[in-house]
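Have a look at the structure below before the remarks.
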Amino acid sequence: MTNPQIAGILGLSAHTVATHLDRVRDKLGLRSRTQIALWFGRRDSEASVP
């Protein structure tokens, strides 16, 4: 989703969404939204393993 699409759903500005995504990337040491999605997918799949 684009920043404006996310912003519309959450009731935030697109700038706020971009700022939060930048902070997530910095905290996780990632470079792109794709890497965030991959990180989250791995994290989610590991949590579902009994």
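The values are calculated or read from the model by the stated rules, or taken from the named source; none is laboratory data. Keep in mind that this is a model prediction, so the values were computed, not measured. Cβ placement follows ideal geometry from the backbone for every residue including glycine, while neighbour counts extend to all protein chains displayed. Protein only, heavy atoms only, side chains kept; ligands, DNA and RNA dropped before computing areas. Shrake-Rupley method; radii C 1.70, N 1.55, O 1.52, S 1.80 Å.
Which of the residues spanning the range 6-49 are open to solvent by 50 Å² or more (accessible area, probe 1.4 Å) and not in a helix (DSSP H, G or I)?
Of the range 6-49, the ones open to solvent by 50 Å² or more (accessible area, probe 1.4 Å) are 8-13, 15, 20, 22-24, 26-29, 31, 33-35, 37-40, 42-49.
Result: 11, 12, 13, 29, 31, 48, 49.
Starting from the range 17-45, take each residue that is basic (Lys, Arg) and list its partners that are open to solvent by less than 60 Å² (accessible area, probe 1.4 Å) and assigned to a helix (DSSP H, G or I), counting only C-beta distances under 9 angstrom and pairs at least six apart or across chains.
What qualifies is 25/36; 31/25; 33/21; 33/25.
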